[in-house]
1. Quick one: would you say residue A:76 is open to solvent by 20 Å² or more (accessible area, probe 1.4 Å) and either away from chain B (no Cβ under 14 Å) or farther than 18 Å from residue A:323 by Cβ (or both)?
2. Of all residues in segment A:186-229, which are in contact (Cβ under 8 Å) with a residue 60 or more places away in the chain, more than 8 Å from chain B (Cβ to nearest Cβ) and open to solvent by less than 30 Å² (accessible area, probe 1.4 Å)?
3. Can you work out which of the residues in segment B:219-245 that are in contact (Cβ under 8 Å) with a residue 24 or more places away in the chain and either closer than 22 Å to residue A:179 by Cα or not in a helix (DSSP H, G or I) (or both) is farthest from the other protein chains (Cβ to nearest Cβ)?
4. Assess whether residue A:289 counts as being assigned to a loop (DSSP other than H, G, I, E, B) and surrounded by 15 or more Cβ atoms within 10 Å (Cβ to Cβ).
5. What is the number of the single condition among (1) more than 11 Å from chain A (Cβ to nearest Cβ); (2) within 24 Å of residue B:54 (Cα to Cα); (3) within 13 Å of the chain's Cα centre (by Cα); (4) buried (at least 16 other Cβ atoms within 10 Å of the Cβ) that residue B:292 does not meet?
6. Quick test for you: out of B:305, B:275, pick the one residue that is part of a helix (DSSP H, G or I), within 14 Å of another protein chain (Cβ to nearest Cβ) and either open to solvent by 30 Å² or more (accessible area, probe 1.4 Å) or at positive phi (or both).
7. Out of A:116, A:130, I need the residue that is surrounded by fewer than 17 Cβ atoms within 10 Å (Cβ to Cβ), within 28 Å of residue A:267 (Cβ to Cβ) and within 25 Å of the chain's Cα centre (by Cα). Which one?
8. Go through segment B:64-80 and count every residue that is exposed (fewer than 15 other Cβ atoms within 10 Å of the Cβ) and not small (Gly, Ala, Ser).
Amino acid sequence: MQFSVFARRKALSIAAALVATAFGASVALPALAATQLTGAGSSFDYPLFSKAFYEYGQHHNDVTVNYQSIGSGGGIQQFTAKTVDFGASDVPLNTEEYKRAEAAGGKVLQIPIALGGVAVVYNLPGVTQGLRLSGPVIADIYLGKIAKWDDAAIAKLNPKVKLPSEPIVVVHRSDGSGTSYIFTDYLSSVSPEWKSKVGVGKSVQWPAQNSVGGKGNEGIAGQVRETAGAIGYVELAYALQNSMTYAQLENSARAFVSPTVNSVRAAAASKPNVSPADFSIVNRPGAASYPIAGYSWVMVFAKPSDAARGKQIKEVLEWTVTAGQSIAASLDYVPLPANVQQEAKRVLGQMQL
Amino acid sequence: MGEPAFRPRYRVGDRLFAWALNLSTWFYVALIVGLFTVLLAGSWLAIKSFGLHFLVASSWDPVTGHFGALPFIFGTIVSSVIAIAIAAVVGIAAAAYLAEFAPPLIARPLAFLIELLAAVPSVVYGLWGLFVLAPVMRSAIGPAIQSKLGWLPLFSGPIYGVGMLTASLILALMIVPTVAAISRDFIEGVAVDQREAMLALGATTWETVRRAVLPAARPGIFGACVLALGRALGETIATTMVIGNRPAISASLFAPGYTLASVIANEFTEATTQVYISTLIGLGLLLFVISIVVNAAARILMHTVLRNVEER
């Protein structure tokens, strides 16, 4: 009896050792092949990054980039804890976050890496693509002050459209997101009441009594599709890929513009000197500018502790903000305008290696 | 015959076995203590900033940093209580049917199917709720209820499809298998002579089940319901998809609500300020405490009910 117990235990420990070796080997192998750079953060960037870094790896077999789409908040934390080589966030670091990151690893460089727009989508029986809306009207809808589709303010913008007397169901993102940030940034820029009552944020206190929250772009899309009279907002790429019914928005030049790759790019190009301190690009001038747009940001330490790795990070990011931007269009993301690409490259040039 | 034959004899193996059992129990005690400590430490900043007022405040404004947990506590408890009320009735009825009435040829595949439902991932329930149940709730179920019972505040107001009632129904659906599967095992476990005694008195099958079998299986059935309630309280993704995610306390079940687990899942990934993160961890602590309190209350209730039954 005793003997067999010992024998079995011995067998077990051998098995455990074997498993451990196998596991160790499988982890070690790719590390031998190439340096693995890691990044974490914004889920908005994920589709672009996964394709761009794959492409990059095709031409540079000494580097692989592993990006974890854990959300901007998590990205900032991981970056500050120095567990990743770069972080990605839909909003640049605020003063408090910057100070903490600086204390951990010195000066932080932040570059715009991806450009996105927000489409206002709706479901109105009998009304197809291209309902016209203005900033103040959308703000009043989201404030709950305009509660019916045939409200005089909406009718005035759409004299040719027969608007139903349906109640409006306001749909917003329930999860914290960069999309909500850009959207509330826009509403704050066009409505003083929104600015004082609600403000700007990735999550805010949505004031309308007739509002419901959906999780993610798909949550809003599902809600809007299934509910007659609903209005919501989704990321541009999502709206285009899913052929959603979106509104034309009045921009600051009083022109009505559809959310497209070109109109968002035009808005971004009107502000070439974008910086982490002055990053908002909503409601930009220009007849072709779509009014709801924003950047996603990547942060790196100016002086990484491992200079060799730092050099590789710099190369990957330089490629992503320039050549890599051609990938963006194929994913319905907006490629960075040429002048912003140059600005991003200039900031990366400040890395001390 | 002699004393030595009955003396327990400990061997090394026995001792090791006893230790292993001991350890696996204490491991869970340690886990709970550890969880509690980590949650308390993580939410300390929020507790210090808001104090007990946090529990009764109902505004949730990440922009200004005003946080209150009341709408989430309300949503969590209401959705779970409605869910368990529905699931208990349906689940126990299903269990009684499977164990006592259904011919074995039907009972076995049916029981298997129900147990299979318990293994369906909750995101699948959530998607089904969002794309199938919510539209039906908005166009058919909701208006039907409102036309009859619309005068009750409970069923008043606009129907969005998503909302407290839809979330409760999805939760009920998710926990019925738990109630049914465990209850069935306990009903089948009731001694045969109890049934025979009842039948011998001239009782019908229905009377036997109601008077002899179900009362005997009551502790087990109660346990099944407590387990199911625990699952409902902590359910995250399915609730998030169909509850409407508005931190408001409304009398109407058609109105959107919000639960503790949902708000954590929604906002944790993008929360960046220290107080905000700490507050969300505080909600986790609250959910933990609520689960323990509800479990304890259920147990006390069970003991009281059982004692009353025995005294009768």
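1. Values: open to solvent by 20 Å² or more (accessible area, probe 1.4 Å): no; either away from chain B (no Cβ under 14 Å) or farther than 18 Å from residue A:323 by Cβ (or both): yes.
So residue A:76 does not fit the description; no.
2. The answer is A:186, A:208, A:220, A:221, A:224, A:228, A:229.
3. Residues of segment B:219-245 that are in contact (Cβ under 8 Å) with a residue 24 or more places away in the chain, as a first pass: B:219-244.
Imposing the further condition that a residue be either closer than 22 Å to residue A:179 by Cα or not in a helix (DSSP H, G or I) (or both) reduces the set to B:235-237, B:240-244.
Details: B:235: 14, B:236: 10, B:237: 8, B:240: 5, B:241: 6, B:242: 10, B:243: 9, B:244: 4 Å.
For segment B:219-245, the residue satisfying everything is B:235.
4. Numbers: assigned to a loop (DSSP other than H, G, I, E, B): yes; surrounded by 15 or more Cβ atoms within 10 Å (Cβ to Cβ): yes.
It is true that residue A:289 is assigned to a loop (DSSP other than H, G, I, E, B) and surrounded by 15 or more Cβ atoms within 10 Å (Cβ to Cβ).
5. For residue B:292, the exception is condition (4).
6. Values: B:305 fails: within 14 Å of another protein chain (Cβ to nearest Cβ).
When all the criteria are applied, what remains is B:275.
7. Numbers: A:116 fails: surrounded by fewer than 17 Cβ atoms within 10 Å (Cβ to Cβ).
Answer to the check: A:130.
8. Quick first cut of segment B:64-80, residues exposed (fewer than 15 other Cβ atoms within 10 Å of the Cβ) only: B:64-66.
Retained after the next criterion (residues that are not small (Gly, Ala, Ser)): B:64, B:66.
Within segment B:64-80, residues that are exposed (fewer than 15 other Cβ atoms within 10 Å of the Cβ) and not small (Gly, Ala, Ser) number 2.
The values are calculated or read from the model by the stated rules, or taken from the named source; none is laboratory data. This one's a predicted model, so the numbers in the text were calculated from it and none came from an experiment. Every residue, glycine as well, gets a Cβ built from its backbone with ideal geometry; the counts of neighbours run over all protein chains shown. Each accessible area value is taken on the protein alone, full model and side chains, heavy atoms only, with ligands, DNA and RNA left out. Shrake-Rupley method; radii C 1.70, N 1.55, O 1.52, S 1.80 Å.
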